[in-house]
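In what follows, a single structure is set out as structure tokens and then discussed.
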Amino acid sequence: MRLSLRYRLLLPLTLLLLGDAVATAWAATTAARGAERRLAAQQWAVARTLTEERSQFRFTRPILDQMKGLSGAEFLFVPPEGRPGAPLESTFQPIPTPPTDVPVVTLAAEAEDHTLGSPVEVAGTEYRCLRLRILYRPSGGDLYIFYPESLRQTAVRDAVRPLLVLGGIGGLLALSLAVAFGSRLVARIRALDARTRLIAAGDFRPMPVPRSDDELRDLCLAVNDMARRLAAFQEELQRDERLRVLGQFSGGLAHQLRNAAAGAKLAIELFLAENPSADPEPLQVALRQLARIEANLRQFLVLGKPPDHVRVPCDLVKLIDQVVSLLRPQCQHAGTMLTWNPQSARVVDGDPTQLSHLFGNVIGNAVEAAGAGGEVMVSLRDSKGPVVVEVIDTGPGPPPDVAERLFEPFVTGKSQGIGLGLAVAKQAVDAHGGRLTWERRDNKTVFRIELP
């Protein structure tokens with residue numbers, strides 16, 4: 001049977017409250033008995049005063065009235081049967097008939113067990129009656145002490161009430177606090193349950209973390225961390241899925257486009273061979289652009305695939321020269337200034353195709369970002385550590401919503417872009433054990449390529 005956590009929390013407390021109620025009842029009963037014993041002890045002290053052997057008191061009406069004022073009890077003195085005609089002395093008016101069913105007790109017999117006596121009723125009022133036999137007086141007789149039942153009940157209530165009030169209030173307060181705490185705890189657990197269900201449905205937003213530093217706060221932090229990791233895993237899976245779909249789609253398309261570009265290149269080369277007097281410069285530019293198209297199409301086929309571990313000495317200056325020569329016509333047409341000051345050869349071990357893609361995509365991206373009237377500066381320096389190539393453009397920089405994911409596939413801030421150039425560059429630089437980073441410096445965008 002399913003038992004709610006609220007009731008699991010309240011069950012031990014309920015048992016504890018039952019134990020508290022039993023203990024309170026026992027304490028109240030003990031207090032009531034103690035109060036009654038104290039009243040009995042007071043009445044027996046009065047009885048000793050009146051009946052002890054050395055006492056000089058006579059059981060007259062004034063004496064009994066004084067004792068009534070001290071103890072609150074009513075008194076009745078009955079002379080012995082051997083004194084016919086002797087008057088009864090009592091604080092009652094009129095004097096009642098002495099009850100004959102009350103047992104006779106002596107001070108010696110009741111020395112250790114004081115009681116208020118038997119319950120009787122006199123003139124419609126309830127009393128506790130104590131009948132004492134006078135043993136030390138020559139005259140003898142019986143002394144009746146009537147203690148009002150109302151006074152006894154008041155004394156008992158005064159003794160029991162604080163215990164019942166404190167026990168009841170304490171129990172109710174503990175129960176209220178337990179219910180409130182249990183409800184709050186269950187509400188927090190239900191919030192966690194609802195949050196995990198949302199995560200299972202694909203909503204990976206973090207949940208609010210409570211202020212109280214306890215285990216549930218740790219659990220909320222763990223759930224948020226799990227949601228963050230699942231979001232990253234989902235994004236990676238989506239990226240892999242996009243790459244898979246792209247590979248299936250672009251394989252045939254890129255093959256057809258490469259064949260068309262190769263055919264165009266072949267036609268231009270044949271035309272130049274058959275017409276040596278024609279101006280070759282425009283056709284050379286067309287050949288270079290066709291070569292660039294072919295290289296870009298090749299990127300569709302290699303993106304997401306494990307790179308081939310080809311390592312040969314590569315002159316970075318020569319590779320960058322080729323990229324710059326391909327991009328100069330585009331810069332002249334757009335009015336973009338492209339600055340590249342080649343230095344002496346810088347040779348690294350690597351794959352020339354991948355490095356060509358790396359520089360082509362980074363510099364081409366900078367040219368497009370700089371736009372008309374902008375400027376792109378390419379520099380190469382050989383430090384004590386890695387070889388560093390910096391590509392600086394005067395464009396506005398990536399939009400904030402894509403800045404953190406700039407090197408992921410299909411992430412782009414261009415309206416006409418597809419977001420593959422920098423992803424290809426990142427794959428190439430990672431394959432060479434290098435690093436590709438970017439930053440905004442002096443209102444310019446700086447891409448930094450480090451190669452070992």
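Brief remarks follow.
- For the stretch 182-223, applying the loop criterion from DSSP together with a ceiling of 12 other beta carbons within 10 Å to the trypsin sites (Lys or Arg not before Pro) yields Arg211.
- Available extension along the chain between Asp349 and Gln332 is 2.8 nm, counting 0.36 nm per residue and deducting the alpha carbon span.
- Per-peptide packing, taken as the mean over residues of other Cβ atoms within 10 Å, places 200-207, 420-427 in the sequence 420-427, 200-207 from highest down.
- Each peptide in 429-441, 93-105 was scored by the mean count of other Cβ atoms within 10 Å over its residues; highest first, the order is 429-441, 93-105.
- Once the C-beta distance of Ala180 and Thr115 is scaled by a Förster radius of 35 Å, the resulting FRET efficiency is 0.15 to the nearest 0.05.
- FRET E, pair Asn341, Glu404, Förster distance 22 Å, beta-carbon r, rounded to 0.05: 0.10
- Mean sequence separation of contacting Cα pairs (under 8 Å, at least six apart), scaled by the length of the stretch 307-451, corresponds to a relative contact order of 22 percent.
- Diffusion coefficient, µm² s⁻¹, Stokes-Einstein with Kirkwood Rh over alpha-carbon pairs of the stretch 154-209 at 4 °C and 1.567 mPa s: 88 µm²/s
- ³J(HN,Hα), Karplus 6.51/-1.76/1.60, whole Hz, each residue of the stretch 121-130, x for Gly, Pro: 10, 10, 6, x, 10, 7, 9, 9, 10, 10
- FRET efficiency for Ala41 and Arg157, using Cβ-Cβ distance with R0 set to 22 Å, rounded to 0.05: 0.70
- Among the GluC sites (Glu not before Pro) in the stretch 352-404, those placed in a DSSP loop whose Cβ has at most 12 other Cβ atoms within 10 Å are Glu404.
- Put a dot 7 Å past the Cα of Leu230, heading toward its Cβ, do the same for Ala123, and the two dots end up 8.7 nm apart.
- Fully extended contour minus Cα-Cα distance, from Val310 to Leu270, at 0.36 nm per residue: 11.1 nm
- Here the average projected area of the convex hull drawn through the C-alpha atoms of the stretch 307-451 stands at 8.5 nm².
- Compared with the direct C-alpha span, the chain from Asp279 to Val209 gains 17.9 nm at full extension, assuming 0.36 nm per residue.
- Within straight-line cross-link reach of Lys68, aspartates and glutamates at Cα separation under 16 Å, skipping those fewer than 8 residues along the same chain: Glu89, Glu149
Taken together, the values in this text are just the output of simple stated rules run on the coordinates, not laboratory data. Here the structure is a predicted model, which means the values were calculated and not measured. A quick note on method: Cβ atoms are made from the backbone with ideal geometry, for glycine too, and the neighbour counts reach across all protein chains shown.
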